[in-house]
Structure formats: C-alpha cells, structure tokens
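Okay, structure first, notes after.
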Amino acid sequence: MQQGIHFISGLPRSGSTLLAALLRQNPALNAGMTSPVGGLFTAMLREVSQGNETAVFIDDGQRETLLRGLFENYYFRVHPTQTVFDTNRLWTSKLPALAALFPAAKMVCCVRHVPWVLDSIERLIRRNHLELSKIFSFEPGGTVYSRVEGLGAGAGMVGFAWNALREAWFGEQSDRIMLLTYETLTERPQAALDAVYDFIGLPRFTHDPLNVVFDGAEEFDARLGTPGLHRVGAHVRPVPRKTLLPPDLFRRFEPDSFWRDPAQNLNRVLVV
C-alpha cells in the first residue's frame, strides 16, 4: 500500500458512512462504506489455518503475504496515489493481525450512545414497514423487545461490534485506535476531521459539511431489505428527536457507552 492504509470500524449507525463521505472530499484519500475486504480476509484466514489440511505447506511468512495481498490487490487502482481507509465493523476484532500486516496503520472507531444506536435501527425498520430486513433474517414477526434482544446479543449486529470494540479498547494495540463520537462528528464535523488527521498523521484538509455527496449504497441497502441504511444527508447537522424505544429498554442500554466513563479508559485511548 504505497500511500498507506488505515481502518474505520466501531458501532453500527454511528457515523462511519458519514465519516467516509467527508473523507472522500479530500482527493488524497479513498474511503467508502463497508468493503468486501473484511469477508475476504476472514475467508483467507480460514483457508490458511489448520482447518485446511493443505495449510501444512503454508508458513507464517506466506500467510502474511497472502493476507496483505488481499488489500494490495483489491485497492490496486487507488493505493499508488491515495491513502486508503477500509471500513468494516469486524476490524476491531482483528487488530493484532492488522498491526502485524500494516505496522503504521491506525483505526478510527465510530461510536454513539448505545441506546441511540438501537433507536436508529428501530427507526429504520419502522420506516420501511412494508419491507422485511436481512438484519432480522427477513422474519415477519417480532417486537421492539425481540429486535433489541437480537441486536444486542453476542453475535448480533450491535452486540458483536460492541464486544469487538471493547476487545480493542482494552487490548495491547489500543494505542492504534481513536474513538470518534457521533455527537462530535455531527455537531463539529471539521473539528472531528482535524482530530482524525492529527491521529493518523496526515495533513489537515478543509472539508465542506454543507455539501456532502455519497452515492452507490442504494442497491446494497435494497438487497438487505433496509433502504436508507447507508444514506447520508447533504448537510451535516445534529437532528434532535424523541426516542422510539420504550423507557425501560432505553435505560437498560445507557450504561453500555463505556467510553463516557473515564475510569474505564485504562489505556488512555483518544476519545473525540
């Protein structure tokens, strides 16, 4: 990766697509919504492990070369001239491997007060009331309680991302991550981006938060049965609203926003 690679991860519905849309305004950067590289990475990791009987012929050096080659080959058109930001919620769970493959790489983890993450997903489901969503395996039944239970489970859309984020937050490579809150990104977008540039070690760039363009997600979202999942507004601004979650559900997940508690920041991870 001639111009370097960095990663965007964190919680769903927390601004990763918005961050990518803003970063794309800088011609020196390449960023987008969730890429296929994460899936390719886990598939390759499985095939070069001992789960494949022929992996006995593959040593660690070859494993590194093969895994690094996924990124090199996927981004071959852009990495000679642009710095790459690859987005996937699983990257926080693969931080040790990424650190070995790309020693200079950093990771921006987008976060949002957890009850509002769940509220945002529930709002999408209700908005698309004539669609069934892949998020819930296209099941026609369910209530807000069962949906939130599924999302928050260990393998759920929110639960997995939350667990992976905690793993990175307390892990040996925690100095490679910064947490970017949705609140800062929507209320003070330029300050948020300045913090990203400073953390990554790239020169700052003046962005236009009143003219955000992001295309190409409509078909992807439609196939998930969740239109609007990656939609980004043209103007970056906070939108105050009342929650759709019953009060008991909202209160249940309020303590889960661990980055708000300085006592839990044992590794002094940067939180913006």
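No value in this document is a laboratory result; all are computed from the given coordinates. The structure displayed is predicted, hence computed values, not measured ones. Virtual Cβ from ideal backbone geometry, glycine too; neighbours counted across all protein chains shown.
Take the alpha carbon atoms of the range 95-155, find their center, do the same for the range 161-219, and report the distance between the two centers in whole angstrom. The two parts, judged by their Cα centres, are 18 Å apart. Which one, 55, 234, 164, has the greatest fluctuation when you compute a Gaussian network model over the chain with C-alpha springs under 10 angstrom? Sorting by GNM fluctuation, first place goes to 55. log₁₀ I(q)/I(0) of the chain at q = 0.10, 0.16 Å⁻¹, via Debye over equal Cα point scatterers, no solvent, to two decimals? After summing over all Cα pairs, the log10 values are -0.53, -1.37. Can you tell me, using C-alpha contacts under 8 Å and at least 6 residues apart, the relative contact order of the chain as a whole percent? After rounding, I find 26 percent. Label-to-label distance, residue 72 versus residue 134, with points set 7 angstrom from Cα along the beta-carbon direction: 3.1 nm. Under 5 Å from the amide H of residue 232 lies no amide H of any residue 5 or more positions distant or on a separate chain, with H modelled from the backbone and absent for Pro and chain starts.
The peptide list 247-257, 28-38, put in order of mean Cβ contacts within 10 Å with the highest first, becomes 28-38, 247-257. Extending 7 Å from Cα along the Cβ direction at residue 90 and again at residue 170 yields two label points whose distance is 2.3 nm.
Scalar couplings 3J(HN,Hα) for the range 180-192, obtained by applying the Karplus form with A = 6.51, B = -1.76, C = 1.60 to θ = phi - 60°, are 10, 7, 4, 5, 5, 4, 8, 8, 9, x, 5, 5, 4 Hz; x denotes Gly and Pro.
Estimated at 0.36 nm per residue, the fully extended path between residue 211 and residue 188 surpasses their Cα-Cα distance by 6.8 nm. Label sites at residue 2 and residue 60, each approximated as a point 7 angstrom past Cα along Cα to Cβ, lie 3.1 nm apart. Evaluated with a Cβ-only charge set (Lys, Arg +1; Asp, Glu -1), the chain carries a dipole of roughly 640 debye about its Cα centre, given to the nearest 20.
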